[in-house]
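Student: Below you will find the structure I want to go over with you.
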Amino acid sequence: MSHSPVIPPSTTGDWMHDRLTEARGVLADTTQHPDSLVILAARVVIGQTNDAVECGDALELLRLLDRRPLHAIAAAAFPKGGAA
C-alpha cells in the first residue's frame, strides 16, 4: 500500500495566505510551469489579492493563456460579480 507524502503544516497557520504566496511564486516564473498551473495560479491571485495592480496583471495573464472569451474568464474569476 502506498502512502501519500507528508505535507508539513503551514508555518503561518493561514492556509489561504500560503496558497496566495505559492501562486505568486508560480506567476513570478511562468516559463518554468505548465500553462494549466499558471492559469490556476492566476485565478488564485485574482480571487485572493487586495492589490488592484496585481489582480489586473494576473487577469491579463489569464486572458493570454485561457482561450475562452474575456467575459467567460471574468465570470469564472469573479463568480459573484466581484461582490464579497
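Student: Being over 13 Å from Phe78 (Cβ atoms) and not in a helix (DSSP H, G or I) is the filter here, so list the residues in the stretch 28-55 that pass it.
Tutor: Hits for the stretch 28-55 are Asp29, His33, Pro34, Asn50, Asp51.
Student: Out of the residues in the stretch 48-81 meeting the condition of being of a type in the set (Gly, Ala, Ser) and modelled with pLDDT of 90 or more, tell me which one is farthest from the chain's Cα centre (by Cα).
Tutor: The qualifying residue farthest from the chain's Cα centre (by Cα) is Ala52.
The values are calculated or read from the model by the stated rules, or taken from the named source; none is laboratory data. This structure is a prediction, so every number in the text was calculated from the model and none was measured. Quick reminder, even Gly has a Cβ in these numbers, built from the backbone with ideal geometry, and neighbours come from all protein chains shown.
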